[in-house]
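Q: Structure below; questions to follow.
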Amino acid sequence: MTNNIKKVDSASIKSIAIKLILVYGIALLLTFLILQLPNLVQQISLFLFDFKLPFNWNHGIALLLAALAGYSIFKTKRETTFLGNDRIRSLIFGFILLVSYSIAGISNKYGINPHLWALIFVSLTLMYDVLEESFWRGYLNDLLHPKYLAVKYVITGIVWSIWHLLVFENFNQWGGFHIFLLLSVIVSFIIGYATTKTNSILVAASIHALLISKNLYVTIICFLIWGVMILTWERKLLKQKKQ
């Protein structure tokens, strides 16, 4: 009986590993190809508003396509969704980020009101991070379901950091790629734990968006409020189930 269980576990792990390698290869290929195209967001903003937004969503779009391909090709069961297992609290989670930065404001070189620019900048950052997290904490969260969650978080952090080799010119601001890799794994534990609790891509994207770290006070406030929300998330769900 024990040997049969071990054989099943071994086959399952092998299947997951093959799927991970293939879908990650798709993500890398799509990222490389789409980054060769003109900056789609800038082209659209120039056409509609005659304004060049300081964003590039190309690689985020690539990851969204990779996630959709993974779900479609490998028939992976989708448990992680945009709003997760508590829609209202997930929306509040993202709303806290937008309101906090809108109140604090972000200075800019465009002559736009700092509070309005903060709302625009963080909203667009959050939308991009939804694209990116649809793969890292969306598809991979559903694909990788080992007995030990730490394994999932470490694997995700490593492949996440390596993917950035296609996106960043260098890693000098972090002190080198080795430091960036370590930070990616640490952040992967934080975002991964939150996603495991909430099954929400919006929650993952909100935490990811906070990494812009334009205001230390906003970062601290958001983490404190979010920490309480995450730790009490299951309590809320249990009450809903009893009702």
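Every number here is computed from the coordinates shown, using simple stated rules; none is lab data. Keep in mind it's a predicted model, so treat the numbers as computed, not measured. In this analysis, Cβ positions are derived from the backbone assuming ideal geometry, glycine residues included, and neighbour counts consider all displayed protein chains.
Q: Counting only pairs 8 or more places apart or on different chains, how many lysine pairs in the stretch 39-161 have C-alpha atoms closer than 24 Å? Mind dumping the intermediate values first?
A: Details: Lys52/Lys109; Lys75/Lys147; Lys75/Lys152; Lys77/Lys147; Lys77/Lys152.
For the stretch 39-161, the number of qualifying lysine pairs is 5.
Q: Related question: How long are the three semi-axes of the equivalent ellipsoid of the stretch 127-207, in whole Å, if each is the root of 5 times an eigenvalue of the C-alpha gyration tensor, listed from largest down?
A: On the way: eigenvalues 90, 42, 22 Å².
With the √(5λ) rule applied to the stretch 127-207, the semi-axes are 21, 15, 10 Å.
Q: Given labels modelled 7 Å from the Cα in the Cβ direction, how far is it in nm from Leu231 to Asn170?
A: 4.1 nm
Q: Which listed residue (Leu231, Ser45, Leu119) has the Cα farthest towards the positive end of the charge dipole for the chain, taking +1 on Lys and Arg C-beta and -1 on Asp and Glu C-beta about the Cα centre?
A: Leu231
Q: Go through (i) 55, 51, 29; (ii) 47, 46, 34; (iii) 70, 49, 35 and flag the label whose value is the computed Cα extents along the principal axes in Å for this structure.
A: (iii)
Q: Going toward the positive end of the dipole of the stretch 2-242, with +1 on Lys and Arg Cβ and -1 on Asp and Glu Cβ, which of Asn141, Ile162, Ile207 do you reach last?
A: Asn141
Q: Something else: What are the trypsin sites (Lys or Arg not before Pro) within the stretch 144-238 that DSSP puts in a loop, where the Cβ has at most 16 other Cβ atoms within 10 Å?
A: Numbers: sites: Lys147, Lys152, Lys197, Lys214, Arg235, Lys236; in loops: Lys147, Lys214.
Counting only loop positions with at most 16 other Cβ atoms within 10 Å, the trypsin sites (Lys or Arg not before Pro) in the stretch 144-238 are Lys147, Lys214.
Q: Here's a follow-up. Mind checking which helices in the chain clear 18 Å along their axis (Cα) and have mean Kyte-Doolittle hydropathy of 1.0 or more, DSSP H runs only? Could the numbers behind the result be given before it?
A: Working: long enough: 2-34 (47 Å, 1.19); 58-74 (24 Å, 1.45); 87-104 (26 Å, 1.55); 114-133 (27 Å, 0.97); 149-163 (21 Å, 1.52); 177-198 (30 Å, 1.61); 216-231 (22 Å, 2.61).
Those that pass (Cα extent of 18 Å or more, hydropathy at least 1.0) are 2-34, 58-74, 87-104, 149-163, 177-198, 216-231.
Q: Still on this structure, I have one more. Under unit Cβ charges (Lys, Arg +1; Asp, Glu -1), what dipole magnitude, rounded to 20 debye, does the chain have relative to its Cα centre? Can you show the working numbers first?
A: Details: 21 positive and 10 negative charges, 206 e Å.
Charge dipole of the chain: 980 debye, to the nearest 20.
Q: Also, I was wondering about something else. Would you mind computing, in nm to one decimal, how far apart the modelled labels at Ser10 and Leu211 are, each placed 7 Å from Cα along Cα→Cβ?
A: So the label points at Ser10 and Leu211 sit 3.7 nm apart.
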